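Quick notes on the structure that follows.
The values are calculated or read from the model by the stated rules, or taken from the named source; none is laboratory data. Computed from a predicted structure; not experimentally measured. Cβ placement follows ideal geometry from the backbone for every residue including glycine, while neighbour counts extend to all protein chains displayed. Heavy atoms of the whole protein, side chains included, go into the accessibility calculation; ligands, DNA and RNA do not. Shrake-Rupley method; radii C 1.70, N 1.55, O 1.52, S 1.80 Å.
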Amino acid sequence: MSLLIDLQNITKVYRSGESEFHALKGISFQLFRGEMLAIVGASGSGKSTMMNIMGFLDHCSTGNYFFSGHNVSRLTDKELAVTRNQKIGFVFQSFFLLPRLNALQNVMLPLFYREEPEALARNKALAILKKVGMEKLIDHRPNQLSGGQQQRVAIARALVGEPDVIFADEPTGSLDSKTGEEVMKLFLHLNQEEGRTIVIVTHDKGVSHLCQRVVALKDGLIVCD
Amino acid sequence: MPACCCIKRWANRMRLINHVQEGLANLLSSKLRSILALLGILVGTASVVAMVLGGELVTNEALKQFKTLGTDLLAVSVNDSDQGSTSGMLNNLTLPDIYALQTIDRSIVEAAPYAQLYNSSQFNGHELNTSILGVTESFAHLVHLGLASGRFISTLDGYEFFCVIGAKVNSQIKRLTYLDAVGQQIQVGKNIFTIVGIAKPWPENSFVYADIDSTVMVPILTSTSLSKYAAINNIILRLTPDANIEQVQTNITNYINQHVADKRLFFRSAKELIAHMSAQSQIFTVFLGLIGSISLLVGGIGVMNIMLVSVVERRREIGIRLAVGAKRSDIWALFLIEAVMLSLIGGTCGVTLGVIVAYIMAVCWHWEFTLFFMPPLVGFTVSVAVGIFFGYYPAYKASQLDPIEALRSE
């Protein structure tokens, strides 16, 4: 298995006025392609900050971040956006679909920012929606879909750009246990059958048990791997 | 930086169409607010267009009278100079002086002297409200005075007692007789004049100091014999189009002072008058445009206000777009296009409304309506510029949002 993410002594400090808050106090961690990883920890333990840095939403304060061999710790905003668009797929707790767009348009959004021709983007989005079992509801808007259906569309949006890794932040947090299980089954399928690398941030034991590797954070440090 | 990126991107038409479609959908999703912002731009643009177009129409109206006369006229008023006043009428200009004057400068094509008198006149014993104008044959031609019937004064009339009456004099006479005025007689002082022609109505203008419609025009030689105060003290000259007006004025002054008497001359050239009036009305129009711009400015602030509210409300959306890989320039373009579309639609409606308002003004005040190309173009351009100017800051603010912060906001 090849190394995908290599964090070397990453710290993150938030400053507001005089006070400083050390969200991450020196994280060293490696993620290999094809892994399915759960990051667990209490709220405020730094797990979301870690995901944001790995997902190119945020810069780290010190330390080095290598993504498939390249040092990406000091990218500009624009480079971060391009990397996010091409290498990363996000799934969020409350789905974060654009309410004015239908399911198909939501899935096409990352390809729109990649400037792919519309017809090609459409075909790709349709194929992915079929894979997550949403092909019959492509013209529905998010408010016409159930929570589980919305999360499937969000997963399709994360997958459509063929990313190297998918980050899921509490993907089952807003779902009832049955639909939550279905969503987890989908993630397991994507990992086991298609070999996709998946990182799930959660505090749900039932979710982390399904993952082959669990990393626990406490007060900005990895306490268990 | 974002601007340059976006222009490059806008070359991709498909993308621009997508942006525009999306912008339109966003504007439609909060209709009332969009309409209010649009209304501000609409009223602002309409007032700019209506004011500037109205100003142009007034100018046009004022210049119209000159345009019918032609721009190559020069009017000369001859006054006695203060020192020479004792010499009196002996030194007045005579018709031969005028003929000689025509030959002193190659630029002078034609000269029409006229003498003005204020003798009373009667028709069938009824007092007429007129003045007397002594004219030559060339007068009608020079000031573009048409004839309704009969003939104009001729050089051959010499000292004869023939007259041509203005349009208003004709209507005064019509009230007193059923007969055609031509062939009838008018009494001026102790002299009886036979009417030989009736002039068409003539628009008054400040170039000729006489209300021709209310005058009785008689041969100039006859007029000088009517009163001891009668004198040829006005000359209208037609010059060649390339004439050097200042040179002509100097030549005329020198000639009259050397060959006739010490006179004080006042010149008015149509070209200068028109230039002067144009310059004045230009200032007037610019001033009106500025007043209109103030309301456009208020409209622009409205757009900015609404875009800022929109940015705050759509923080979550901005966060999502950033998370799936939108660049800051994409967010910037998204909001700027919405602002520009607001002002574009408002501007288009405003130009239409402004032209309609100007048209209504023209109808009410009996101006001739011409749809000038400039005012609508200016209104449209300025409204779009206002959209870009006032949309820039909210769009910039949106593009600078932190993705994590934006995603976290409710």
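Tabulated results
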read-out	value
Condition check for residue B:342: away from every other protein chain (no Cβ under 14 Å) and either open to solvent by less than 30 Å² (accessible area, probe 1.4 Å) or β-branched (Val, Ile, Thr) (or both)	yes
Residue match in the stretch A:22-29 (condition: among the charged types (D, E, K, R) and either within 14 Å of chain B (Cβ to nearest Cβ) or in a loop (DSSP other than H, G, I, E, B) (or both))	no
Flag if residue A:93 is open to solvent by 50 Å² or more (accessible area, probe 1.4 Å), within 14 Å of chain B (Cβ to nearest Cβ), part of a helix (DSSP H, G or I) and among the polar types (S, T, N, Q)	no
Single match in A:183, A:207, A:165 (criterion: more than 22 Å from residue B:323 (Cα to Cα), open to solvent by less than 10 Å² (accessible area, probe 1.4 Å) and of a type in the set (A, V, I, L, M))	A:207
Boolean, residue B:315 is closer than 30 Å to residue B:56 by Cβ and either more than 34 Å from the chain's Cα centre (by Cα) or more than 14 Å from chain A (Cβ to nearest Cβ) (or both)	no
Residue within the stretch B:215-232 that is in the same structural domain as residue B:116 (by TED's automatic domain parsing), in contact with a Ser or Thr (Cβ under 8 Å, 6 or more places away or on another chain) and surrounded by fewer than 20 Cβ atoms within 10 Å (Cβ to Cβ) present	no
Residue check for residue A:45: over 13 Å from the mean Cα position of the chain (by Cα) and open to solvent by less than 20 Å² (accessible area, probe 1.4 Å)	yes
Positions within the stretch B:378-406 being touching a Pro at 6+ places or on another chain (Cβ under 9 Å) and open to solvent by 80 Å² or more (accessible area, probe 1.4 Å), in sequence order	B:396
Near pairs, Cβ below 7 angstrom, 6+ apart or cross-chain, from the stretch B:345-372 (within 25 Å of residue B:388 (Cβ to Cβ)) to any residue that is surrounded by fewer than 17 Cβ atoms within 10 Å (Cβ to Cβ)	B:355/B:371
Filter result (assigned to a helix (DSSP H, G or I), more than 14 Å from residue B:322 (Cβ to Cβ) and either open to solvent by 20 Å² or more (accessible area, probe 1.4 Å) or of a type in the set (Val, Ile, Thr) (or both)) within the stretch A:96-122	A:105, A:107, A:108, A:118, A:119, A:120, A:122
Unique match (being away from chain B (no Cβ under 11 Å), among the aliphatic types (A, V, I, L, M) and in a helix (DSSP H, G or I)) among A:125, A:42	A:125
Contacts under 9 angstrom Cβ, first residue in the stretch B:270-282 being touching a residue at least 24 places away in the same chain (Cβ under 8 Å) and open to solvent by less than 40 Å² (accessible area, probe 1.4 Å), partner among the charged types (D, E, K, R) and in a helix (DSSP H, G or I), 6 or more apart	B:274/B:67; B:281/B:56
Of the criteria (1) part of a helix (DSSP H, G or I); (2) within 14 Å of chain A (Cβ to nearest Cβ); (3) of a type outside the set (A, V, I, L, M), which one residue B:300 fails	(2)
Filter result for residue B:235 (over 30 Å from residue B:26 (Cα atoms), open to solvent by less than 10 Å² (accessible area, probe 1.4 Å), assigned to a helix (DSSP H, G or I) and in the same structural domain as residue B:164 (by TED's automatic domain parsing))	no
Filter result for the condition that a residue is under 30 Å from the mean Cα position of the chain (by Cα), surrounded by fewer than 23 Cβ atoms within 10 Å (Cβ to Cβ), at pLDDT 90 or above and assigned to a helix (DSSP H, G or I), over B:309, B:363	B:363
Every residue from the stretch B:366-377 that is in contact with a helix residue (DSSP H, G or I) (Cβ under 7 Å, 6 or more places away or on another chain) and either open to solvent by 50 Å² or more (accessible area, probe 1.4 Å) or in a loop (DSSP other than H, G, I, E, B) (or both)	B:367, B:368, B:369, B:370, B:371, B:372
